[in-house]
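These notes are about the structure you will find just below.
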Amino acid sequence: MREIFIERREKSIRIAVKNNNELEECFIEEKSSEPTYGEIYKGRVKNIVPAINSLFLDIGLDKEGYMYYSEDLKKLNIKKGDEFLVEVLKEPLNEKGAKLTNKFNIPGKYLVFTKGKKGISFSKRITDAVKKKLIEAELEDVDGINIVVRTEAINVPIEILKAERNKLKGILDEMNRKLNYSTELSKVYGEDVSLNKVLRDNITKGNLKIYVDNIEDETYVKSFLDGEKDIEIIVYDGLRTLFDYYNIEKEILKLRHNKVKLNCGGDIVIEKTEAMYVIDVNSGKNIKGRSFDKTILQTNLEAAKEIGKQIMLRNLSGIILIDFIDMRDHSQRNNVMKELKESLKSDKGNSKIYPFTELDLVQITRKRRGKSIYDSIEDKCLLCKGSGNILKLSYIEDLIRNDILRSVEDNTIGSFFIELDNIYREDVKGDLFSFLKNIDGLDKEMFLKFSEGIDGYRIEPLIFKNQKENLADYKVKGIEKY
C-alpha cells in the first residue's frame, strides 16, 4: 500500500510518500519569490558572455538567470533583448542566479512535451513494437515539440493518450500566448511542481491512499486523477497538523541525524561539504562472523541498499561520494554495485552511478530536484559563523504549535511554558506577535523563557496555580501580544 500525505500551510506545502508504512520521499516547498526547479518563465536576454559561453536572462525576479550558450542557440542568432521560454534546472544559490534551459518540459501522466525537434519518442522500457506503431500512427505531432511517451503509457488506451496530448497542447498554447502577447517577464508554468511530480510518479501504480488537509487540494487531486482506479482520497480535518497526526513529523526530525544504523550492526555516516555529500560506510559492531570477507560484503550490501533510500528520502543532489569498506575480493564489487543500482531504480534517471575506484569509492551524480531536507528545516548557526546548523525558527514554531494543539485536543489546557534556545531570542522578541500567532498562542496564557544550551525548545503544559506563580517573571503580557 502506497500513501501520499499532502499538508498545505500558509507559506509552504509538504508532501510525504510512504510505501508499506515506510517513509520513502519527503518534499518541502516554501512560498518564495525565488524560482523553483521545474518552473517555466518568460525570459529576456540581458547579456551574452562568449568568454564563459553563457547567456544571462531577466526572468522578472531579483537575480538574473544564466544558461549555456549552446550551438543550437548560436544557430538561432540569439541577441540581447530576445525573449523566449526557459525552464529552471537549478535554483539560485548564494549570489548565483538560477540555471536555465530553453529545452523546457511539460510533463503529464503518460506523455511529456519537450521543446525541440518535432516527433514522437518512447521510453527505453517500451519494447512492444506494435504498440509503438499504433501510438505513432494515432498521436498527432506538435510543431517544435518532441512528445515523449512514458513507460506507463503502454498500459492505457490510445484515447487516453490523445486526451492528454490535447491537454498538454492547451498548456503549451497558453504559455506561448503569454510569451508573445504579454509584456511581463514572469512565471508562465509551474505551480506546485513537487506535488505534480509526486502525483504523476505514484497514481499509475494503483492501490494508493492520498491524504489532504483542505478541500482545495482534494478538488485538485480529484481533477489530476481523472478517473484513475484503486485510489482513495482522505480529507483530514483535525486540529493538529497532518504530518504530526500521522507521526511523519518525528520521522523528518530523525533525518537531521547524520548517522544511520544498519541491521547488521554497521552504520553509514552522511556528511555535507561545500562541494559534495560524503557517505562513509562503517562495519561498527558487525564483527561476529568468522569470515572477514563475508562480513565486509554483508555490511557493504546492506549499506548500498540503505544509501539509495537515504539519498531519495533526504533529497540529496549534486556529487555524492560513497566510501565503502575496502573489499579484498574485487569480485564483490559487482554485487555491491548491483544492490546500489537497484536501490536507486525508482529514481527514474535522476541518478548516475560511476564505477568503483581502486580505493573502493563510488561517485554518484544526482539531478537537483528542489531543496534537500536539510535546506528545508535548518538554518546556518550565526553564533558559530555558519559552521553548524540549527532548526529554522519557522520549523520550531510548527513543532510547538503541534504540541500545543495536542494538549488542547487531549486535555483542554490553556496555559503553556515555552523555553527556547537563546539563539532565537532576537527573532522572536523582534516580532513576538507573529511568533505567538504561528504557534496558536494568541488566545492562551503563555510563559516564555530563553536559555543557553536548549536543544531547540522545551514546552510544558501548566495545570496548577503554583506552576504559574513560579514562572510569573516569564509571563507574556497582553500588550506584548497585541
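Number of residues in the range 428-441 that are of a type outside the set (S, T, N, Q) and surrounded by 13 or more Cβ atoms within 10 Å (Cβ to Cβ) equals 8. Considering the range 239-257, and only residues there that are at pLDDT 90 or above and in a loop (DSSP other than H, G, I, E, B), the residue that is nearest to Lys305 (Cα to Cα) turns out to be Asn247. Every condition in (1) open to solvent by 70 Å² or more (accessible area, probe 1.4 Å); (2) at pLDDT 90 or above is met by Glu34 except one, and the failing one is (2).
Residues that are in contact with a helix residue (DSSP H, G or I) (Cβ under 9 Å, 6 or more places away or on another chain), outside any strand (DSSP E or B), touching a residue at least 40 places away in the same chain (Cβ under 8 Å) and hydrophobic (A, V, I, L, M, F, W, C) within the range 76-127 comprise just one, Phe104. With respect to the conditions (1) over 26 Å from Lys99 (Cα atoms); (2) open to solvent by less than 30 Å² (accessible area, probe 1.4 Å); (3) small (Gly, Ala, Ser), Ser394 lacks only one, and its number is (2). Here the helices (runs of 4 or more DSSP H) wholly within the range 418-482 that include at least 2 residues being at pLDDT 90 or above and under 33 Å from the mean Cα position of the chain (by Cα) are 425-430, 432-438.
If the condition is being more than 22 Å from the chain's Cα centre (by Cα) and open to solvent by 40 Å² or more (accessible area, probe 1.4 Å), then the range 83-94 contributes only Glu83.
Among the residues of the range 325-374, those identified as assigned to a helix (DSSP H, G or I) and touching a Phe, Trp or Tyr at 6+ places or on another chain (Cβ under 8 Å) are Arg333, Val336, Met337. Somewhere in the range 162-178, is a residue in a strand (DSSP E or B) and either within 30 Å of Glu64 (Cβ to Cβ) or under 21 Å from the mean Cα position of the chain (by Cα) (or both)? No, every residue in the range 162-178 fails to be in a strand (DSSP E or B) and either within 30 Å of Glu64 (Cβ to Cβ) or under 21 Å from the mean Cα position of the chain (by Cα) (or both).
Assess whether Lys79 counts as being open to solvent by less than 80 Å² (accessible area, probe 1.4 Å) and not aliphatic (A, V, I, L, M).
No: the conditions fail for Lys79.
For the range 242-266, residues that are surrounded by 20 or more Cβ atoms within 10 Å (Cβ to Cβ) and more than 23 Å from Ile15 (Cβ to Cβ) total 2. Tell me, yes or no, whether the range 409-417 has at least one residue that is β-branched (Val, Ile, Thr), out of contact with any Asp or Glu (no Cβ under 7 Å at 6 or more places or on another chain) and more than 26 Å from Glu7 (Cα to Cα). No - not one qualifying residue is present in the range 409-417. I'm trying to understand the selection: among the residues of the range 183-203, which are of a type outside the set (D, E, K, R), open to solvent by 40 Å² or more (accessible area, probe 1.4 Å) and more than 15 Å from Glu39 (Cα to Cα)? Thr183, the sole residue that qualifies. Evaluation of Gly289 against the conditions (1) more than 25 Å from the chain's Cα centre (by Cα); (2) surrounded by 13 or more Cβ atoms within 10 Å (Cβ to Cβ); (3) within 24 Å of Asn20 (Cβ to Cβ); (4) modelled with pLDDT under 85 shows that the sole unmet condition is (3). Each residue in the range 95-107 was checked for being surrounded by fewer than 20 Cβ atoms within 10 Å (Cβ to Cβ) and touching a Leu at 6+ places or on another chain (Cβ under 9 Å), and 2 pass. Figure legend. Inter-residue proximity from the range 328-357: first residues without any contact (Cβ under 8 Å) to a residue 40 or more places away in the chain and at negative phi, second residues in a loop (DSSP other than H, G, I, E, B) and of a type in the set (D, E, K, R), beta-carbon distance below 6 Å, spacing 6+ or different chains. Indicated pairs: Asn350/Lys367.
The values are calculated or read from the model by the stated rules, or taken from the named source; none is laboratory data. Treat the numbers as computed from the prediction; the structure is a model and nothing was measured. All Cβ positions, glycine included, derive from the backbone under ideal geometry; neighbour counts span all protein chains shown. For accessibility, only protein heavy atoms count, side chains too; no ligands or nucleic acids. Shrake-Rupley method; radii C 1.70, N 1.55, O 1.52, S 1.80 Å.
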